[in-house]
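Down below is the structure, laid out as structure tokens.
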Amino acid sequence: MAALARARNIADLRLMAKARMPRMVFDYIDGGAEDEIALRRNVQRLEAHILNWSALRDIAQIDTTRTIMGAPSALPFLISPTAASRLFHHHGESGVARAAAGAGMIYACSTIGSTTVEDIAKATPGPKWFQVYVFKDRGLVREGLARAKAAGFTALALTVDVPVAGNRERDPKNRFTIPPKVSAHTALDALSHPAWLFSLVTTPPIRPANFDTVPTDHPGGIMGFIDSQFDRTVTWKDAAWLVEQWDGPVAIKGVSNAADARACIDVGARGVWVSNHGGRQLARAAATIDTLPEVVDAVAGRASVIFDGGVRRGSDILTALALGAEGVAIGRSYLYGLGAGGEAGVARAIEILSTELRRDMALMGVTKIADLTPAHVRRPANPSS
């Protein structure tokens, strides 16, 4: 764990993860759609925002607590749902959930998680959210909802920016599948990362743990089956159906404009989640930080606004919060930690971001998250650049 302690920032954890995992697995975390314009744009546009500060403020006590969609959290950021975490380290979703619980923050599990919701519930007593898609097979959806509800998950995140899978070109180039297949093409890469390979072959097969009926012999692998289940006919009526089925707080994830934000509220969603799927779907999507203010204005306090996309620093989190997000979700940042060192790596990623957050709050003369306002941010010109 000494190596993790030497990681100064998320970029260091990224390099450590890259060294520990085969290229095909690292690229699955690291890559985006097509030429990865949206992936880069998310990061670059956040970096272009300028933070303002107030001098001579009493900053002896910094309070980072936040309530996000009704769930109290020690930090204003949360763990975003990401698929098949056991791909990156055998600690998987349970390790991530334990790290989140240790930090007193919200954990969100992907519907394509590689650990059961029951085991995740054992790992964290804190607030837990379950992410879903509206599949063609509504029975799969009901099965996942029922298990999550019984396991004590308190909120739902419906992802709506994946009507079809994005064109993530690194994956076919690396001949990547879930579960990974060690072939003549990938054998040298896998064998050169023995710790990762050993954990893969000595732990249970990686599969969607919360759906017993998902086939493992689909020609495109598990992700091919999931892609075949995306329902191209889904509309806002289906979102309303899901809100009714869950009967609890629901955030709609993958919103980028005012009209869709208002539609979320119309169907009964309690959360509007600004996201472009980390640049993994529409390759030329706008940076999420550029669409956030429009969504915040449209919501007008009627629902919680959650933000993700390009977050690598505590200052990124502060920027989104100042522009009106109630909470910020992190994805790649914690996955780099998971890939670098399992549960301890995730804990280190959270520690890095929370330390940066507190330091920058002090430097800005802000002692409470609620005191952040748009006046603390100078927005750059040319949002489409």
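Values for this structure:
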| read-out | value |
| --- | --- |
| Listed pairs LYS149/LYS368; LYS128/LYS237; LYS149/LYS253 exceeding 24 Å between Cα atoms | LYS149/LYS368; LYS128/LYS237 |
| Antiparallel %, DSSP beta bridges [both residues in the chain], to 5 | 20 |
| Under 27 Å from the Cα of LYS18 - lysines, other chains or at least 8 residues apart | LYS173, LYS181 |
| Cubic angstrom per residue, convex hull over Cα atoms of segment 225-280 | 101 |
| Charged-residue dipole, Cβ positions (Lys, Arg, Asp, Glu), segment 252-356 about Cα centre, Debye nearest 20 | 220 |
| Peptide ranges 229-240, 284-295, 333-344 listed from the most packed, as the mean C-beta count within 10 angstrom indicates | 333-344, 284-295, 229-240 |
| Computed over segment 61-201: relative contact order in percent, which uses C-alpha pairs under 8 Å that are six or more apart | 18 |
| Structure-based [θ]222 nm, the chain - -39500 (n - 2.57) summed over DSSP H runs of at least 4, per residue, nearest 500 | -13000 deg cm²/dmol |
| Answer label, with Rg/Rh (Cα atoms, Kirkwood Rh) calculated from the coordinates and candidates [x] 1.23; [y] 0.94; [z] 0.98 | [y] |
| VAL305 long-range amide H proximity, modeled H, under 5 Å | VAL272, GLU326, GLY327 |
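Read-outs: derived from the displayed coordinates by stated rules, not from any lab. No experiment lies behind these values; they were computed from the predicted model shown. In this analysis, Cβ positions are derived from the backbone assuming ideal geometry, glycine residues included, and neighbour counts consider all displayed protein chains.
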